[in-house]
1. From ALA171, ALA182, grab the single residue that is of a type in the set (Gly, Ala, Ser), in contact with a Gly (Cβ under 8 Å, 6 or more places away or on another chain), at pLDDT 95 or above and assigned to a strand (DSSP E or B).
2. So, of the residues in region 212-267 that are assigned to a loop (DSSP other than H, G, I, E, B) and small (Gly, Ala, Ser), which turns out to be surrounded by the fewest Cβ atoms within 10 Å (Cβ to Cβ)?
3. So which residues in region 10-28 are under 20 Å from VAL112 (Cβ atoms) and either modelled with pLDDT under 95 or not in a loop (DSSP other than H, G, I, E, B) (or both), if there are any at all?
4. Any residue at all in region 115-132 that is surrounded by 12 or more Cβ atoms within 10 Å (Cβ to Cβ), of a type in the set (Lys, Arg) and in contact (Cβ under 8 Å) with a residue 24 or more places away in the chain?
5. Can you tell me which residue among SER195, SER200 is at pLDDT 95 or above, surrounded by fewer than 19 Cβ atoms within 10 Å (Cβ to Cβ) and small (Gly, Ala, Ser)?
6. What do you reckon, is ARG86 free of Cβ contacts under 8 Å to residues at least 12 places away in the same chain and farther than 21 Å from GLN37 by Cα?
Amino acid sequence: MADADKQNNTSARQAGRIVVVTAGGENPWIMINALAQRFDDIVVFQEQPEPKGPFLRRRAKKLGWPNAIGQLATMVASRFGKRFTRKRAQDILALYGVSGTPDARVPVRQIVSVNDEAAVSQIRAVAPQVVFLISCRMLKPATLAQTPCPVINFHAGINPLYRGLMGGYWARINDDVGNFGATVHLVDEGVDTGSVLYQSRQVPARADTMHTYPLLQTAASTGIAIAAVEDTLKGRLRPVDVAGPSQQWYHPPIWTWLGNGIRRGIW
């Protein structure tokens, strides 16, 4: 397995038709911009944000209403709190030489959901050689089956131990900073259960919080994303076996997040 922290985006651009599926945002555009610097044919399919109602009902069905509401409160706090961490965010962007500003030269097509038949048809019409997912809905089995090429995903967490959400935060909470990092993996029907292609690890600074962990993981990991896409285009995918326990994580409920922040200084 490759532990790659260095950037690999300085060589000449390479041929390759790539579709990126995302809900948008600064972190995904860091990755999109890095890929666009290396590869010459990228189309972004940007989903509309998922309504909070279906999300809340789905989470409540799995974890119960108290946890679902507590997790939603943490998500709201995370969005509000980002405005207070811009200095650290700018430091991260400068450290890794990346930008989260959308590049107008990269074509973007708006879709409702990657799982809609219309979106699937549009993606198939592009005839991509690889589909790259970052911060988007989970592909339904039918969507995955209709995708005409390998599908890979960028996950801000070390799989399989930190599948799901907030992998960096939970690594810190578990005193497991050695597994603070990111994974690029093949997509299957599970939640981040596909075969690992590359991983990268970082050491969060004291100034990092829930608001900047994903930014750090993304900015430091453009190299492994480029490597995985390049391997796919050249037909040399080499999945690796990663030993260890497998667990899916979620946003911490607001009381858990506040408690860990006050008692342990882990925000």
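1. Numbers: ALA171 fails: assigned to a strand (DSSP E or B).
Answer to the selection: ALA182.
2. Restricting to residues being assigned to a loop (DSSP other than H, G, I, E, B) and small (Gly, Ala, Ser), the top hit is ALA243.
3. Of everything in region 10-28, those that are under 20 Å from VAL112 (Cβ atoms) and either modelled with pLDDT under 95 or not in a loop (DSSP other than H, G, I, E, B) (or both) turn out to be VAL19, VAL20, VAL21, THR22, PRO28.
4. Of region 115-132, the ones surrounded by 12 or more Cβ atoms within 10 Å (Cβ to Cβ) are 115-116, 119-120, 122-124, 126, 128-132.
With of a type in the set (Lys, Arg) added as a condition, the list becomes 124.
Within this subset, residues satisfying the condition of being in contact (Cβ under 8 Å) with a residue 24 or more places away in the chain are 124.
For region 115-132, residues surrounded by 12 or more Cβ atoms within 10 Å (Cβ to Cβ), of a type in the set (Lys, Arg) and in contact (Cβ under 8 Å) with a residue 24 or more places away in the chain: present.
5. SER195
6. yes
A quick yes/no check of all residues on (1) in a loop (DSSP other than H, G, I, E, B); (2) of a type outside the set (Lys, Arg); (3) free of Cβ contacts under 8 Å to residues at least 24 places away in the same chain; (4) over 25 Å from LEU216 (Cα atoms):
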| residue | (1), (2), (3), (4) |
| --- | --- |
| ILE32 | no, yes, no, no |
| ASN67 | no, yes, no, yes |
| LYS82 | no, no, no, no |
| VAL98 | yes, yes, no, no |
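The values are calculated or read from the model by the stated rules, or taken from the named source; none is laboratory data. No experiment lies behind these values; they were computed from the predicted model shown. Please note: Cβ atoms are built from the backbone with ideal geometry, for glycine as well, and neighbour counts cover all protein chains shown.
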